[in-house]
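A short write-up of the structure that comes next.
Laboratory data are not the source of any read-out in this text; all were calculated from the coordinates shown. Because the structure is a prediction, the values reported are computed rather than measured. All Cβ positions, even for glycine, are placed from backbone atoms using ideal geometry, and neighbour counts span all protein chains on display.
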């Protein structure tokens with residue numbers, strides 16, 4: 001297990017301006033998250049609207065983030081799609097960049113067998129020597145990466161971690177108990193329970209808004225200061241619920257726009273958050289603003 005694949009990672013949104021990627025704002029966002037203590041960043045995940053970005057745009061986004069994160073923070077590149085060989089080809093496009101590895105999701109829509117999933121990941125892994133983080137998100141892809149399959153993949157050290165977003169705490173704890181994988185929670189609502197159950201961290205979209213609080217939560221659990229962790233997480237739950245109250249990343253981009261981080265612009269088929277959602281977000285941000293900023297230098 002790679003020790004760098006732990007802690008709080010953020011799957012970056014992709015700022016847009018008049019239909020084009022706003023690279024300066026993407027870099028500013030990455031720099032701010034790093035300054036607040038994020039342990040890692042993901043480029044071109046689902047939160048980053050990767051299916052709506054062409055290969056050149058994905059490469060430009062990755063290069064911009066790597067320029068900002070240089071020697072300060074590890075970066076994963078998202079790889080998705082239902083065509084195994086096309087996904088393996090995309091890996092080759094990015095493999096000369098200074099990546100911590102690839103976040104590779106199960107193929108969407110086609111619903112392959114477990115043997116098909118195994119061969120999908122193995123084929124993509126054969127295209128690179130870099131670490132692979134498995135991404136299980138059955139609500140989006142229609143297929144669940146079962147424990148037995150994850151265990152078989154984990155026999156190869158190249159499969160270093162898994163982002164588990166199946167919505168079941170038991171699936172997270174089973175992975176912790178039965179595999180050598182670094183287990184990263186992909187369901188923000190389960191974050192505290194997952195960390196207490198042995199998860200090594202999270203890839204959290206909600207953490208964009210106050211990543212310092214997510215980092216502090218991780219640190220509190222690591223220090224076994226669980227009453228403080230529970231109290232902190234109780235104050236974070238309204239944020240997490242709101243960020244997924246409408247399709248991701250619409251609420252997230254609305255919140256970031258209110259914070260002046262980016263323009264509220266998405267690509268179809270994604271559409272902006274509703275006015276009702278924005279009103280709730282505005283109230284939530286006022287509450288979060290009252291919580292003092294936690295800096296990475298503060299001792300736990």
>> For residue 291, project a label point 7 Å along Cα to C-beta. Then give me every residue of the stretch 32-64 with its amide nitrogen under 17 Å of that point.
In response: 33, 36-39
>> Under 12 Å from a point placed 7 Å out from the Cα of residue 119 along the Cα-to-Cβ direction: which residues of the stretch 48-92 have their backbone N that close?
In response: 84-85
>> I'd like the FRET efficiency for residue 96 and residue 237, computed as 1/(1 + (r/R0)^6) with the beta carbon distance as r and R0 of 35 Å, rounded to 0.05.
In response: 0.25
> Arranged by the count of other C-beta atoms within 10 angstrom, fewest first, what order do 191, 232, 252 take?
Replying inline: 232, 252, 191
> With the contact rule set at Cα under 8 Å and sequence spacing of 6 or more, what percent relative contact order holds for the chain?
Replying inline: 18 percent
>> Taking the Cα of residue 156, stepping 7 Å toward and past its beta carbon, and measuring to each backbone N in the stretch 67-95: which are under 13 Å?
In response: 88
> Fewest to most neighbouring Cβ within 10 Å: what's the order for 146, 246?
Replying inline: 146, 246
> Pulled fully out, how much extra length does the chain show between residue 54 and residue 140, if you take 0.36 nm times their separation in residues and subtract their Cα-Cα distance?
Replying inline: 29.0 nm
> Considering only DSSP beta bridges whose two residues both sit in the chain, what percent are antiparallel, to the nearest 5?
Replying inline: 5 percent
> Does the stretch 7-234 come out rounded, prolate or oblate by the C-alpha gyration tensor, with a ≥ b ≥ c the root eigenvalues, rounded set by a/c under 1.5 and, if not, prolate when a/b is larger than b/c and oblate if not?
Replying inline: oblate
>> For a test of the definition: using alpha carbon positions, the gyration tensor, and the 1.5 limit on a/c, classify the stretch 37-123 as rounded, prolate or oblate.
In response: prolate
>> When a/c reaches 1.5 or more, the comparison of a/b and b/c decides; with that in mind, is the stretch 128-176 rounded, prolate or oblate per its Cα gyration tensor?
In response: prolate
> In what sequence do 73, 277, 44 fall when counting other Cβ within 10 Å, fewest first?
Replying inline: 277, 73, 44
>> Counting only helical runs of four or more DSSP H residues, what would the 222 nm mean residue ellipticity of the chain come to if each run contributes -39,500 (n - 2.57) and the total is spread over all its residues?
In response: -13500 deg cm²/dmol
